[in-house]
Each structure stands twice: as structure tokens, then as C-alpha cells.
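The values are calculated or read from the model by the stated rules, or taken from the named source; none is laboratory data. Given the structure is predicted, the values throughout are model-derived calculations rather than measurements. Here Cβ is always computed from backbone atoms with ideal geometry, including for glycine, and neighbour counts include all displayed protein chains. What goes into the accessible areas is simple: the full protein's heavy atoms, side chains included, and nothing from ligands, DNA or RNA. Shrake-Rupley method; radii C 1.70, N 1.55, O 1.52, S 1.80 Å.
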Amino acid sequence: MGRGLLRYPGVRDMYRLAEKVLGYDLLSLCLEGPREELDRTRHCQPAVFVASLAAVEKLNHLQPKVGKRGPQPGPARPEKAAAPLPAPGSPWRPLTAACVCACVCVCACVCVQVVESCVAAAGYSVGEFAALVFAGAMDFAEALYAVKVRAEAMQAAAEAVPSGMLSVIGSREANYNYACLEARRHCEALGIDDPVCEVSNYLFPDGRVIAGHLQGLEFLQKNASKFYFTRTKMLPVSGAFHTRLMEPAVEPLAEVLKSIEIQKPLICVYSNVDSKKYMHSKHIQKLLVKQLVSPVLWEQTMHSVYQRRNGMEFPYTYEVGPGKQLGAVLRKCNLKAWKQYSHVDIAEEEEAAET
């Protein structure tokens, strides 16, 4: 993960700083594995966070190319002076950034200082931390430490209970709440006390992720046709994230966020919890913790981000980081907005093709 990003300015400095914050060599783990270790929650979340912000630097480099797409530039925002790249070991903030990953950023235009034309940002799950760093609300090193604590606490919570996440696409007749209720009743019949089976991610119309005890998810898979599910797939994750099974992770994250300086974002950042804009630092602190045990309202967030009057042009949208999943989701939520979408990849294959 991220090999092709190393040639862009500042990226190696970010990984050096990450090694100091995390206490292990994240770059080596990303490049050399073993893959089983990289896929563990405690390592995967920091890796996605750093790769996301590293990919911002790639966008900065490729920006003249991507700037050729989409509507003509709109009115310029007041100019801000670009800060120089910090020396190794000092706090890092993205330069002229236009988007952040496991998240999307929405820009009114593309110019030399892309961040100045950015009008909104949204991060999916751990990507919300990257979006907040991009928006100037959190320091890179402090946010990464919070991600470290979050990832370790979530892995510990996941290991305490056999649980997981099930991706579901349903027909119009599908009743997800009823299906989850039946799955919980099945778990109770098996002797599981206070079982969990609930929607943990709202992705797009008729697209959900259901999380909870493994026995409940297996029940839903076996009875997919009964609940009008057209497709189900177990996700390769270790636990039921964004459900109350993550409650043991709440206190560790809440404590570390109390020690971090959080500022009001320079641009609009939308929360996973309520799909609304963050208003102030306490708001951010509160909802980042609540996100652990609340469903990700991604479909609702996309509607909030792209809500506009009839006839208004849709802005550029950039997804930065591993995979193109958020672009695929955007296409199903808002086809017109998706037509101005670009993905800034971190894959090695793309880099090889460019050199």
C-alpha cells in the first residue's frame, strides 16, 4: 500500500513521523507486509489514514491534469499563504490539498491552491480523521495518535465477541430492521444474551452493511431470500464496527481526544453520525467518539454534500486512497455528481504505468 506515493514531496517525511507516533515502521509494513498484519485493525486504520493524506500530495502533483475536467472555475476564495513543508519530526499539515481519503472532497474549482477552492469534505469511518486533518481541524501527528488508540481499542473489542459485518443489497421490499430483529431472535434461541444485529452503514439506496454477532449474520445469509436480499457478502473485518459491541473502545478514544487540540475546520466537514456539518471543536470531539457505536450515514451525507438548487453545476469530487468504493457509492447516490468525480489512486500498478 502506497509504494507509488513515495516519490511525491513530503510523503517520506509523513511516514517517518508516523513511525515515531506509532512506535513501529508503518512504511515497511505497508510495502513488505506480512499482509495478515497489515490487515489487522490496529495496523490497517493508521495505514489508511497516512496513505490517504499522502495521496493528497499526489493530487497536488497531478493537479494540472485533473484540473482540465469539470465546470469552469468559480469565484476565487481569499488567498491563504501556503506553508512550507515541515522538517522531519515536526507536525505535518497537507499543502494545497484538494481531497482526503477513505473520504471525498468537493471543490468548486481546481487552481494552484486547490484547498482554497474546496467547499466540503467527508470521511468514511476512520477517514473522518483524515478529512479533519485536511480541513485544518486537527494536527497530523495528534490525529494519528488518536487513530492508533482507536484502532487498538476497536480490535480489542472485536476480539472479545465473535462478530463481523455483512454487506447487503436488497430489493425494494427489503425490511432491514425486521431482518435484524429476526436475526437477534435467532441468536437468543441459541442462548446468546443481549445479541447485536443492526444496520451499521447506510451506503446507497438498498445498500446496507449489517453488523453484529456472527450467528445472526450467518442466519441472514441463509435466509436472504426470505428478507428480499438480492446479494450478501461477509466483509473481511474482525468485528461489528459502528455498533454497541464497540462500547469498550469509547472511553480510550474519548480520553485521548480530550488531550488533543481541535479547532473549527476551515472548510465544511460532514459527520458520519448525523450527516451534518461539524460546528465547533467540542462537537467534533463528541461525535468522533459517538461514531464508534453509531451507524455511518454515508448515503445521507452524500445527499447533504450535493444538495443544491436546480441548474447549479456540480463541483469536482476527489476520492483519495485505497480503492474506488466511495466513487461507486456516489454513482448510486447521485449520478450527476459522480460525473465530476475523480479517484486519486495509491496503487502500484498505476504508478508503474506512469513511469
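Residue count for region 313-333, restricted to those that are assigned to a loop (DSSP other than H, G, I, E, B) and surrounded by fewer than 20 Cβ atoms within 10 Å (Cβ to Cβ): 5. Selection of first residues in region 286-312 that are without any contact (Cβ under 8 Å) to a residue 60 or more places away in the chain and exposed (fewer than 15 other Cβ atoms within 10 Å of the Cβ) and of second residues that are outside any helix (DSSP H, G or I) and of a type in the set (Phe, Trp, Tyr), restricted to Cβ pairs under 9 Å at least 6 apart or on distinct chains, gives the following pairs, ordered by first then second residue: 308/314.
Only residues that are of a type outside the set (S, T, N, Q), open to solvent by 10 Å² or more (accessible area, probe 1.4 Å) and not in a helix (DSSP H, G or I) were counted across region 125-159, and they come to 3. Hey, could you check region 250-285 for residues that are open to solvent by 40 Å² or more (accessible area, probe 1.4 Å) and under 16 Å from the mean Cα position of the chain (by Cα) and say which is farthest from residue 119 (Cα to Cα)? The residue in question is 274.
Taking region 201-249 as the range and being open to solvent by 60 Å² or more (accessible area, probe 1.4 Å) and of a type in the set (D, E, K, R) as the test, the residues that pass are 218, 222, 226, 231, 233, 244, 247.
Only one residue in 299, 349 is assigned to a helix (DSSP H, G or I) and modelled with pLDDT under 85. Which one? After applying the criteria, what remains is 349. Inspect region 160-183 for any residue being at positive phi and surrounded by fewer than 19 Cβ atoms within 10 Å (Cβ to Cβ) and give the result as yes or no. No, because not a single residue in region 160-183 is at positive phi and surrounded by fewer than 19 Cβ atoms within 10 Å (Cβ to Cβ).
Scanning region 160-178 for residues that are assigned to a helix (DSSP H, G or I) and over 13 Å from residue 240 (Cβ atoms) yields 176, 177, 178.
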